[in-house]
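The values are calculated or read from the model by the stated rules, or taken from the named source; none is laboratory data. On a predicted model such as this, the values are computed, not experimentally measured, just so you know. Reconstructed Cβ throughout: ideal geometry from the backbone, glycine too, with neighbour counts over all protein chains shown. Keep in mind that these areas ignore ligands, DNA and RNA; they rest on the heavy atoms of the full protein, side chains included. Shrake-Rupley method; radii C 1.70, N 1.55, O 1.52, S 1.80 Å.
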Amino acid sequence: WKGYTTPEDVDNLLIPHVYWANFLSPAYVHKYGESFLMDAPGWRKEQLEDGGILYVLTPSLVGTGPKTIIEEVKRYFKIDFVRRRK
C-alpha cells in the first residue's frame, strides 16, 4: 500500500495522499469542512448530490499540470505525496 490510500485511511477519514481526481464522501466533508475542501488549490471542486465533493487537480490527466499546483496541494493538506501518473 506504500504511496496509496489504505482501507484503514478511509476508515479513519484520513487524506494521506491526493490524487488527480478525488471523490470525497459526505463523511470527509463533515470531518474536514466544506469550505476547507472547496478552497483547496485545484482546477475543479464540485458539490455532489450526496453531500460529497469531487476534487480534481488539473483539467488533464496527462501530467498533473505545473509542479506549482502539486506543491500548493501538499502544503494545503499538509501531506508529503501527490499521486501522479507515471
Legend entry - Some residue of segment 18-25 being open to solvent by 20 Å² or more (accessible area, probe 1.4 Å), part of a loop (DSSP other than H, G, I, E, B), at pLDDT 90 or above and touching an Asp or Glu at 6+ places or on another chain (Cβ under 9 Å): yes
Inset, instruction - Out of the residues in segment 26-50 that are in a loop (DSSP other than H, G, I, E, B) and aliphatic (A, V, I, L, M), state the one that is farthest from residue 68 (Cα to Cα). - result: 48
Inset, instruction - Report yes if residue 55 is open to solvent by less than 50 Å² (accessible area, probe 1.4 Å), outside any loop (DSSP other than H, G, I, E, B), under 14 Å from residue 76 (Cα atoms) and not aliphatic (A, V, I, L, M), otherwise no. - result: yes
